[in-house]
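Down below is the structure, laid out as structure tokens.
The values are calculated or read from the model by the stated rules, or taken from the named source; none is laboratory data. None of the values given here were measured: they were computed from a predicted structure. A quick note on method: Cβ atoms are made from the backbone with ideal geometry, for glycine too, and the neighbour counts reach across all protein chains shown. Heavy atoms of the whole protein, side chains included, go into the accessibility calculation; ligands, DNA and RNA do not. Shrake-Rupley method; radii C 1.70, N 1.55, O 1.52, S 1.80 Å.
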Amino acid sequence: MNRFAETLYDSYGQEFRVDELLYEDKTDHQHLVIFHNAAFGRVMALDGVIQTTEKDEFIYHEMLVHVPLIAHGGAGRVLIIGGGDGAALREVAKHRQVDEIVMVEIDSGVIDVCRKYLPGHSAGAFDDPRLELVIEDGLEYVTRTDAKFDVIITDSTDPIGPGESLFGERFYRACHGRLLPGGVLATQNGVCFMQLEEAAATARRFRSIYTDWHFYSAAVPTYVGGIMVFGWASDDPQLRRLTRAEIGRRYLQSGIETRYYTPEIHRAAFALPRYLLEAIGKACNAAC
Amino acid sequence: MRRVEAIHPGRGNYFRDLARIHGTPVLLVDSQKIRHQYLALKAALPGVKLYYAIKALPHRQVISVLAGLGAGFEIASSGELELLRQVRINPRSTIHTHPIKRDRDIRQALRFGCTTFVIDNTEELLKFIPYKHRIGLMLRLSFRSDDAVVDLSRKFGCPPEDAPELIRLAARLGIHIKGLSFHVGSQCRTPDMHVHAVNVCNQIIRQTHDLGAAPMSLLDIGGGFPVGYDRQVPSIETFTAPITQTLKQLPLHVTVAAEPGRFLVAPAGTALVSVIGKAWREGRFWYYLDDGIYGLFSGQVFDHARYPLAVFSATGRRYPGVLAGPTCDSIDVIAENVMLPELHIGDIVLGRQMGAYTIASATGFNSLPPAKVVILDGWRPDETRLAPARTMPAKPRPA
């Protein structure tokens, strides 16, 4: 019986039993594998690093999507960068008030493979009439487009790999220019206990571009090493200062169904541990 | 004077057949000999994990043979990493040992899944700050050796006396130095320098036990295990016995690795080249061969090797001769002032011990195509029937 050992860290890592190898694409440039595991369902790994699993993906995707959309309150235009598995798209599509979704994915092959082997991730969302799918490098798209958005979401790989340019200053700056007034950018920013520098680097870049920025967190079991963080950047400081009651009202009004996201978690997710605050150069969680 | 062995032509049928089938120049690689060398070294270094230094002979089938025996792989470039990816080597059994790397080399290795790297100075240590949570480093120490044919401690390596400071700096930066490594050289005549180096490393591992984020738990003793070219070398058990004894002094938590290249593949390689021209100049026969020091015999320049040569001839008479390569360059001479039976155009010249650092460092000078590499499963020169042979491209595909 085969096993898959994640090669993210030298001295620590998670291992899966491979109950059935479903797909493998090993080229000179990357190694994509999808297998079935008894505990996590179908598991996708890229270059030895777990990207998503059927069992725990809802935590990640609900937090990546619903926190900025509920906080915005009236998002009509949403841009997703990356997210080839379609699950971020699926969550965005739950919001009825969204009338246009642009998804920019660099690799159409990823979408094809995920629609076939991880069908629950997109759950038909690729057929949503509000979707405009663009196959292009995310940085190039945000640099060249004139379109503006209420919410921009980056659902990327780690900075070591194809997602590298989505962590750079140029990208964050270009996103800033693509946000409508009151807009917000939410980013995937890694497991901060293990990859503190990733959040710290993003914080340094946000600081020089956005009026209000912070991180919020969730614990995703297969992103091992504790909580992972999402970057939050906007020119509207009110978006992350909504009351519990207001978030709850919007959540009910949206009518979306969630398994992880709750209004209480939404608010609490912005409370960061001290070591992370120090790494991102903030004195406290509150009004800083 | 360099000796050229004259083998009875009746025993040359095996090689002539192979030369006819594959053409010359050709490098024949016996995979059974590679297995034998690996198992011999494993037995001579009990408990030591062997990482094949693929630079010696970067060939897919050689890598597959060694992977089948449980070997790990030592890489020094992104190109070597791509080769391992093509052969589907588990990245957990690889180590990246080049002391000097570009940021993109580090990133490519991390993407491949290799998380062990080597540093030997502060600048190189600082390159790992962004990746400190993902990696484990070995600190390479230098031990200058007057004894080795190739001194590998001149260009790389941190002097042992500077090691504690570098380990302290790494600890301050939160970068984990998980072990020490050294390369005392290539083709060592005695194991004395290995023994000395292990002793020094043992002291440093013990002295710095409480300095870093964690104790060092790995010692990589490099390579240097000799094979016979133009002189006798001690048997591998004899060579490693004092090293093995010294390794027993290490703390129990330390695992030991080695990076053999030459020892595993050199004896498995036999080159066949053909006489393509012949001239009598100034009292000597000049024989022009279809490969020379820009090709399979490049190790005579880069690796300081002198390969044992043989021809197939029944005549006892020998004449002074020169064996020259095919290029226009006058330095392209394999052997000068050798006494040879008279050779004829089409005759085969055989080079032994030519598996390591031969085709690996061949150039494309004069636009001459590289020699073909043929992997044989078993070496049967005494049989008239050929062993089944498979052919592979001489060089790995460019990444």
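On the beta carbon distance between B:Thr190 and B:Thr315, with R0 = 56 Å, the FRET formula returns roughly 0.85. Rounded to the nearest 10 square angstrom, B:Glu336 shows an accessible area of 90 square angstrom against a 1.4 Å probe.
According to the calculation over all Cα-Cα pairs in segment B:12-87, the P(r) per 10 Å bin from zero is 16, 40, 29, 14, 1 %. Between B:Val256 and B:Lys49, B:Leu219, the built amide H atoms are under 5 Å apart, and every one of these is 5 or more places off in sequence or on another chain. Rg and Dmax, both from the Cα atoms of the protein assembly as shown and both in Å, are 30.8, 106. Given a 1.4 Å probe and the protein chains as shown, A:Cys114 ends up with an accessible area of around 0 Å².
Taking chain A as the reference, fit the longest principal axis to its C-alpha atoms, fit the long axis of helix A:108-117 to the helix C-alpha atoms, and give the angle between the two in degrees, 0 to 90, nearest 10. Around 70 degrees separate the two axes.
Considering segment A:2-51 at the alpha-carbon level, its Rg and Dmax are found to be 10.6, 31 Å. What the Cβ-Cβ distance of A:Lys116 and B:Cys328 gives, at R0 = 56 Å and to the nearest 0.05, is a FRET efficiency of 0.45. Ratio of Rg to Rh for segment B:198-309: 1.22 [Cα atoms; Kirkwood radius as inverse mean 1/r over pairs]. For segment A:31-69, heavy-atom accessible area (probe 1.4 Å) falls by no less than 50 Å² from the chain alone to the full protein assembly at A:Asp47. Label-to-label distance for A:Glu169 and B:Ser64 is 4.9 nm, based on points extended 7 Å past Cα in the beta-carbon direction.
Taking a point 7 Å from the Cα of B:Gln32 along the Cα-to-Cβ direction, the residues of segment B:267-291 with backbone N closer than 19 Å to it are B:267-271. When the residues B:Phe312, B:Phe117 are ordered by accessible surface, computed with a 1.4 Å probe over the protein chains alone, the sequence from largest down reads B:Phe312, B:Phe117. Directionally averaged projected area (chain A, Cα convex hull): 14.1 nm². The calculated FRET efficiency for the pair B:Arg88 and B:Leu169, based on their C-beta separation and a Förster distance of 30 Å, comes to about 0.20.
By the Stokes-Einstein formula, at 0.692 mPa s and 37 °C, chain B with its Kirkwood radius over alpha-carbon pairs has D equal to 147 µm²/s. In sequence order, segment B:133-139 has phi-based couplings of 7, 9, 10, x, 10, 10, 9 Hz under the Karplus curve 6.51 cos²θ - 1.76 cosθ + 1.60, θ = phi - 60°, and Gly or Pro positions carry x. Checking every one of the trypsin sites (Lys or Arg not before Pro) in segment B:57-164 against DSSP loop status and a limit of 15 other Cβ atoms within 10 Å picks out B:Arg88, B:Arg102, B:Arg144, B:Arg154, B:Lys155. Label sites at A:Asp19 and A:Ala268, each approximated as a point 7 angstrom past Cα along Cα to Cβ, lie 3.1 nm apart. Rounded to two decimals, the Cα-based Rg/Rh of segment B:31-265, with Kirkwood Rh, is 0.94. For the residues B:Ala314, B:Ala362, B:Ala266, a GNM of chain B with alpha-carbon springs under 10 Å puts the largest fluctuation on B:Ala314. Label reach from B:Met339 (point 7 Å along Cα→C-beta): in segment B:1-15, amide nitrogens under 17 Å belong to B:1-7. Each chain gives up part of its surface: A and B jointly bury about 2000 Å² of accessible area, both sides summed, for a 1.4 Å probe. For B:Glu123 and B:Asn366, the difference between the fully extended length at 0.36 nm per residue and the C-alpha to C-alpha distance is 83.5 nm. Excluding ligands, DNA and RNA, the accessible surface per residue across segment B:31-265 is 38 Å² with a 1.4 Å probe. Residues of segment A:173-221 whose accessible area (probe 1.4 Å, heavy atoms of protein chains only) drops by at least 20 Å² once all protein chains are present, relative to their chain alone: A:Met194, A:Glu197. Computed from phi, the 3J(HN,Hα) profile of segment B:189-205 under the Karplus parametrisation 6.51, -1.76, 1.60 (θ = phi - 60°) reads 7, 9, x, 4, 6, 4, 4, 4, 5, 4, 4, 5, 4, 4, 4, 5, 4 Hz, with x in place of Gly and Pro. If the segment from A:Asn2 to A:Ala219 were pulled out straight at 0.36 nm per residue, it would be longer than the present Cα-Cα gap by 75.4 nm.
Using a 1.4 Å probe on the protein heavy atoms, what percent of the accessible area of chain A belongs to carbon and sulfur? That fraction is 52 percent. Figure note: B:Tyr288, A:Tyr12 ranked by solvent-accessible area, largest first, 1.4 Å probe, ligands and nucleic acids not counted: A:Tyr12, B:Tyr288.
Modelled spin labels at B:Arg102 and B:Thr238, positioned 7 Å past Cα toward Cβ, are 4.7 nm from each other. In order along segment B:67-73, the phi-based Karplus estimate (6.51 cos²θ - 1.76 cosθ + 1.60, θ = phi - 60°) of 3J(HN,Hα) comes to 4, x, 8, x, 5, x, 9 Hz; Gly and Pro are listed as x. Non-local amide H neighbours of B:Leu289 (under 5 Å, H modeled in plane, Pro and chain starts lacking H): which ones? Residues meeting the criterion, in which the H sits 1.01 Å from N, are B:Ile276, B:Ala324, B:Gly325. Using only Cα atoms, find the angle between the long axis of helix A:244-254 and the longest principal axis of chain A, and express it within 0 to 90 degrees, rounded to the nearest 10. Result, in degrees: 60.
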